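Input: a single structure, listed below in structure tokens.
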Amino acid sequence: MTNTINNKYEKISSAGNYKGYHQVHAAKIDEEISLIEPKTPCGEFFRRYWHPVSLTSDIGQQPLPVKILGEDLVLFRTKNGKIGLVHRQCPHRNASLIFGKCEKRGIRCCYHGWLFAPDGQIIETPGEASDSTAAKNIRERLRLGAYPVIEYNGLVFAYMGPPEEIPDFPFYDSFSIPDIITRPYQVNYNCNWLQVLDAIMDPIHTSFLHSTISGTQFSEGLGEIGELEIYERGIQFLGSNTRRVDNHVWIRVNELILPNFTQAGAAFAADGTKSRFFGRSSFTRWVVPIDNTHSMSLAWGNFGERGDPLQYNNKEGCELIEQGEVINRTWKERQLHPSDAEAVEGMGPISHHRNEHLMPTDRGISLYRRRIKKLIKDLINGKIMPQPQQIPGEAVRTNGQDTILNMQQKKVNDRKFLRSIGSNVLKIQFEAEKMSLDKRDQYIINKLKEMEKNYS
Amino acid sequence: MTNTINNKYEKISSAGNYKGYHQVHAAKIDEEISLIEPKTPCGEFFRRYWHPVSLTSDIGQQPLPVKILGEDLVLFRTKNGKIGLVHRQCPHRNASLIFGKCEKRGIRCCYHGWLFAPDGQIIETPGEASDSTAAKNIRERLRLGAYPVIEYNGLVFAYMGPPEEIPDFPFYDSFSIPDIITRPYQVNYNCNWLQVLDAIMDPIHTSFLHSTISGTQFSEGLGEIGELEIYERGIQFLGSNTRRVDNHVWIRVNELILPNFTQAGAAFAADGTKSRFFGRSSFTRWVVPIDNTHSMSLAWGNFGERGDPLQYNNKEGCELIEQGEVINRTWKERQLHPSDAEAVEGMGPISHHRNEHLMPTDRGISLYRRRIKKLIKDLINGKIMPQPQQIPGEAVRTNGQDTILNMQQKKVNDRKFLRSIGSNVLKIQFEAEKMSLDKRDQYIINKLKEMEKNYS
Amino acid sequence: MTNTINNKYEKISSAGNYKGYHQVHAAKIDEEISLIEPKTPCGEFFRRYWHPVSLTSDIGQQPLPVKILGEDLVLFRTKNGKIGLVHRQCPHRNASLIFGKCEKRGIRCCYHGWLFAPDGQIIETPGEASDSTAAKNIRERLRLGAYPVIEYNGLVFAYMGPPEEIPDFPFYDSFSIPDIITRPYQVNYNCNWLQVLDAIMDPIHTSFLHSTISGTQFSEGLGEIGELEIYERGIQFLGSNTRRVDNHVWIRVNELILPNFTQAGAAFAADGTKSRFFGRSSFTRWVVPIDNTHSMSLAWGNFGERGDPLQYNNKEGCELIEQGEVINRTWKERQLHPSDAEAVEGMGPISHHRNEHLMPTDRGISLYRRRIKKLIKDLINGKIMPQPQQIPGEAVRTNGQDTILNMQQKKVNDRKFLRSIGSNVLKIQFEAEKMSLDKRDQYIINKLKEMEKNYS
């Protein structure tokens, strides 16, 4: 029996290539770009932009506790229908406004009945004498911390930065695509926002996580690895992936507008087997930090001809679009068929970037992370942060899409051909950017049909 | 659709008064007065007084783990009936005495059988040779950390300070009021002791939390806001609140004796609609720190003619007296009808005093906190802490009470009238303080009846 | 009633010996010897030895997350049957290999499909272009952190130290005792490894914890306190305990080989009432640190003539052998009948050695702890750590055992007699150490029989 052991042992000693011991790294996180709580550099960066903070449908008759960017807040709706987003503690004695009452003019603290308007004004301090000068002064000079909000189409957005720098609310073209039906949804992640966001600039993971590893979670054609091209245009980043699926060429564009707006192509409507011209994203989505180690996706699912099939217009359908699997699964199911949640949460509460080894296919990720670091430096140096609008006063043009062209393989070097098709498609989109919105889409679609026709 | 958004947005940009961003304060707690674990200034202050540590009924045949002032302790009763309060770890090898055996002479450690007397003496070390000098030395020189305890009427009290400075056990007049039936109770809070204690010097919260906000939790008259007067008398603080309820004037006195003894009037017996003369507190209560972020109320509920109605003499009744609601409630119930627990726990584990804005009605709170800080300074400077006894060897006179006098409104300035009645009532109580206990109560009651009679 | 209180109080003030206040120690742990996470001195010491890390039976078709010495690892078996122990995060983008797929050649990451061999080699990076130089370089130069493993008889062992210093896998004589049936088992502890290990050098606790306190958990004779003798032989420590049980003398030897290998006598087979000659340990066991505050016992239970009765050859039987009670018990049962788990976990996450008072019977514990500290210093000074092998290339001779000799009490000083018998038995064992394994056992048994015979 000693021999059995020694035989095995021989193999081990000859293999001096076990690196476990020498590669135990002390945990280090990239604080500058990961941490978003108040007073952090990246937290300040996030506070220069509008973000969704809740589904409208989650705000009922009682105050709703929310945590955004590491701040404990309360979201409420007055009996007159106005929405307020305020600090959680009452500025009198720190009682929690979660236990407040929603009234016509605002929210009333449970402890001593102070009444606050949605913008933080102290309307009443009823426990104090009506002629009290001290109370009058407090009402005039003090405010409950509050943030401006806009409710739109089932999502509540807030701006949590300095009020003197409040930017325009960015209205994206995808907020109102004709014939598209939208459904607001929220999905939470138990990890830092950055590892959730990274996936949008990583179109390659779809070919593994959502295809060969877990079985086909989206359409089958996504298993193909395509030709990847990255575009950096101000704070907009595009990752186009051009695949060959039999007789078709499939150009899919993932989109990130900093700091956290994301779009892609369809999750289920496109599979590379029949033509599609400038189909739009299955989601219009923001990755919003809850705190340093928790985040959430707040989004609309987009359904219809140019979006995803109507059969997915329900809670489970949106979960499938968001991460490839429904959320409520056993540990065994999660281990056998991991989704985005398992991939990104498995990295730990905050992924240690210093342990990563980024590859050529990860250049979208490197690019946008570097850009955030640059913007943070600019912000520290007093610069105004660039906003998404390309044309002042008009909806932001977005580029996330699917196009599938019937183009049989002819060339010897098909990879090179795919790359040229990919860049031609993007060129058309960029050309049309300054057209009025209704003209733009028609222009792009016509041009794509022309390309397909000219080829055959 | 762009217009809809821009209209909303106009309103926001014109309202430059959102203060959320500029009022995000870094969390800071008032360590000096909040922290009570060993070696902290306020912990030392607490350790100069007797405190209840448990209900007697919780001590069974097995040792009971308790945590008091941040110390892990074990409470046990020998088979001879003596109660011991000792450090949790055995001084031999640190095994937990939670697993010890209660015997006639003390508690025996489960690991090596060492036997400890309630006062910490090591009686046996049976694993060591009977002639071992080392073992003999240890038995003679070492002790298990122990604290003196007194069991009284269903509560166990302990003194956890330096034994050489042990004060008299303070016997309060309310320990034995003729015809009053007492019931010991315990209610735990998930927050620092100070925010639980604050409420006793804040009689105004009753008019909101327990009335207009949650619906009437105590008697209806408590919804009225009265005339508040604060008395500081050594380490005793009184907050008298004098309300008008139709034809009656209701003088209610809340009481705090430092560091943590509290009394008030009745919770249910008095509602301002019929006469009452020197009714006594619904509870005789201590707010005891478990650790820095947990605390408990250990108390007797007081029932009978001069206390609360006998129908509340049960577990749920004591919970209602303690915080206005029973403890076992759903989140929804807690949000709709918050009680003291929601008000004080909602401030967080330790309330950030620097974010408070104290008002004229909070002067009781300001006063007593300042006094504790002063006492802590005195203690550091070597002074002996003042104890509650007014007359050496006699029961402490307490002043928490309800008096309701039939006095129809006559004067133009009724608020001023209420204030004068309030101070007259307190004056009578103070005059009687040095009388023998049985005479005192009769004297006060007679004087109050006289006041009522003289008025009409 | 005041009198009652004062009477009690008199007793307290006269007893100035309550030491609770003066003995509140700030928590201090012995970091040097307790902490085993990466880069700690004791962690480095542990990383010079082979340790079991899992039951083979726990490795199924999916990867198994394990934590050893504070490192998050994944244990897996390839479809070809090879076992790998690797760092948990993929070196590409930090995805968790818990969600990897076990294939013929290794484990494949769920996120981008990288394939790793059990020794950490990167076999495939399929998302990168097949002609990518960057990808080729990464595959050649980078490795997933991995550790060498050996599977033996139901346990998986690993070496987590510097590969250039890998020691021989130590094969102990007890791995293959003729006629002994072994059963691998694992029991977890919620505390630092050291307090679990201490018990093996503390044979006295058996007479209390496992006998008089909890009732007889092992055999009845263990309630007797015997004559204790400690032997330090290199990194091997032996604690022999020689008891008188009526007409028999029972010599039981507990054994520790640093850092964490333990053996003893039988748990149930021996009770001191009939002769037994060189019976072997009920377990062959390692105390393995999970992290600084959690540990586990990985072991074989040993059954048969020279081990424990076959009726204990099941999961519950092994739990009884390991700690005196089954694991799945209520709090009430645990408090009434504490086992080793309660004794050692009750010390807290990491026992504070500075609060201990070690006694003469604890000298085994003092000795071996001091030796570990010495070895840690040697390691820091560049010395090679001594390994358990006494004879190069041969199984390690172990000495844990039970011997019971029929020797009626004759002498006046029976304690002295017991001590001499104890040391004679150990002398015989040591004499036989260099014999071939099969001869050794027969030699010892014959000599013991002779001793018994010569006495009567």
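Here are the numbers for the structure shown:
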{"read-out": "Label geometry 7 Å along the beta-carbon vector: residue C:179 inter-copy distances in nm", "value": "8.7, 8.8"}
{"read-out": "For a label point 7 Å along the Cα-to-beta-carbon line of residue C:438, residues of the stretch C:166-186 with backbone N under 16 Å", "value": "C:176-180"}
{"read-out": "Computed log₁₀ I(q)/I(0) - Debye formula, equal Cα scatterers, no solvent, the stretch A:208-302, q 0.11 Å⁻¹", "value": "-0.37"}
{"read-out": "Teacher prompt: residue C:412 distances to equivalent labels in other copies, 7 Å Cα→Cβ, nm", "value": "11.2, 11.2"}
{"read-out": "Shape metrics for the stretch B:288-336, restricted to C-alpha atoms - Rg then Dmax, Å", "value": "13.3, 38"}
{"read-out": "Carbon + sulfur, % of accessible area of the protein assembly as shown - ligands and nucleic acids excluded, 1.4 Å", "value": "49"}
{"read-out": "Hydrodynamic radius (Kirkwood) for the stretch C:1-160, which is based on Cα pairs only, to one decimal in Å", "value": "19.3"}
{"read-out": "Average Cα contact separation per residue, the stretch A:188-327, under 8 Å, 6 or more apart, as relative contact order %", "value": "23"}
{"read-out": "P(r) of the stretch C:21-69 over all Cα-Cα pairs, binned every 10 Å from zero, in whole percent", "value": "20, 31, 25, 16, 6, 2"}
{"read-out": "Contour excess over end-to-end distance, with Cα ends at residue C:409 and residue C:305 and 0.36 nm allotted per residue", "value": "34.7 nm"}
{"read-out": "For the stretch C:117-240, diffusion coefficient by Stokes-Einstein and Kirkwood Rh (Cα), 37 °C, 0.692 mPa s, µm²/s", "value": "163"}
{"read-out": "At 0.692 mPa s and 37 °C, Stokes diffusion of the protein assembly as shown via Kirkwood alpha-carbon radius, µm² per second", "value": "89"}
{"read-out": "Exercise: per-residue mean of other protein chain Cβ atoms within 10 Å, B:195-207", "value": "2"}
{"read-out": "Average other protein chain Cβ within 10 Å of Cβ, residues B:157-167", "value": "4"}
{"read-out": "Kirkwood hydrodynamic radius over Cα pairs of the stretch C:366-456, then Stokes diffusion coefficient at 25 °C and 0.890 mPa s, in µm²/s", "value": "151"}
{"read-out": "Loss of accessible area when A meets C, both sides summed, Å² nearest 100, probe 1.4 Å", "value": "4500"}
{"read-out": "Computed E for residue B:104/residue C:326 - FRET, C-beta separation, R0 41 angstrom, nearest 0.05", "value": "0.85"}
{"read-out": "Mean Cβ count within 10 Å, highest first, over the residues of peptides B:58-69, B:85-96", "value": "B:85-96, B:58-69"}
{"read-out": "Percent antiparallel among DSSP beta bridges (both partners in chain C, rounded to 5)", "value": "95"}
{"read-out": "Cα-centre dipole for chain A with unit charges at Cβ (Lys and Arg positive, Asp and Glu negative), debye to 20", "value": "460"}
{"read-out": "Shielding score for A:75-87, defined as the mean number of other chain Cβ atoms within 10 Å", "value": "1"}
{"read-out": "Degrees, to the nearest 10: C:363-380 long Cα axis against longest axis of chain C", "value": "30"}
{"read-out": "For the stretch A:247-403, alpha-carbon Rg over 2.2 N^0.38 Å", "value": "1.18"}
{"read-out": "Protection proxy ranking of A:407-416, A:221-230 - average other beta-carbon atoms within 10 Å, highest first", "value": "A:221-230, A:407-416"}
{"read-out": "Relative contact order for chain A, counting Cα pairs under 8 Å that sit 6 or more residues apart, in percent", "value": "17"}
{"read-out": "12 Å reach of a label modelled at residue B:37, 7 Å along Cα-to-Cβ, counting backbone N of the stretch B:263-300", "value": "B:291-294"}
{"read-out": "Given charges at beta-carbon only (K, R positive; D, E negative), |dipole| of the stretch A:301-456 in Debye", "value": "1000"}
{"read-out": "Principal-axis tilt of helix C:437-455 within chain C, Cα atoms, nearest 10 degrees", "value": "10"}
{"read-out": "Mean residue ellipticity (222 nm) of chain B, computed from DSSP H runs ≥ 4 via -39,500 (n - 2.57), nearest 500", "value": "-7500 deg cm²/dmol"}
{"read-out": "Rounded to whole Å, sorted largest first: equivalent-ellipsoid semi-axes of the stretch B:77-166, Cα gyration tensor", "value": "24, 15, 11"}
{"read-out": "Calculated FRET value between residue C:190 and residue B:132, using beta carbons and R₀ = 51 Å, to 0.05", "value": "0.90"}
{"read-out": "Ratio Rg/Rh, restricted to the stretch B:307-383 and using Cα atoms, in which Rh is the Kirkwood radius", "value": "1.12"}
{"read-out": "Gained length - residue C:80 relative to residue C:123, 0.36 nm times residue gap less alpha-carbon distance", "value": "13.9 nm"}
{"read-out": "With 5 Å bins from 0: P(r) over the stretch A:327-422, alpha-carbon pairs, percent", "value": "2, 8, 9, 11, 13, 15, 16, 14, 9, 4, 1"}
{"read-out": "Position residue C:373, label points 7 Å along Cα→Cβ, spacing to each other copy in nm (shortest first, one decimal)", "value": "4.6, 4.6"}
{"read-out": "Helix A:2-14 axis, angle to chain A major axis (alpha carbon atoms, nearest 10°)", "value": "80"}
{"read-out": "Å² per residue, accessible surface of the protein assembly as shown at 1.4 Å", "value": "38"}
{"read-out": "Ordering of C:294-304, C:183-193 by burial proxy (mean other Cβ atoms within 10 Å per residue, highest first)", "value": "C:294-304, C:183-193"}
{"read-out": "20 Å-binned pair-distance histogram of chain B (Cα, whole percent)", "value": "22, 50, 22, 6, 0"}
{"read-out": "Relative contact order for the stretch B:81-157, counting Cα pairs under 8 Å that sit 6 or more residues apart, in percent", "value": "29"}
{"read-out": "Listed residues B:312, A:172 arranged by accessible area, highest first, probe 1.4 Å", "value": "B:312, A:172"}
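The values are calculated or read from the model by the stated rules, or taken from the named source; none is laboratory data. What you are looking at is a predicted structure, and each value in this text was computed from that prediction instead of being measured. Every residue, glycine as well, gets a Cβ built from its backbone with ideal geometry; the counts of neighbours run over all protein chains shown. Surface areas here come from the heavy atoms of the whole protein model, side chains and all, with no ligands, DNA or RNA. Shrake-Rupley method; radii C 1.70, N 1.55, O 1.52, S 1.80 Å.
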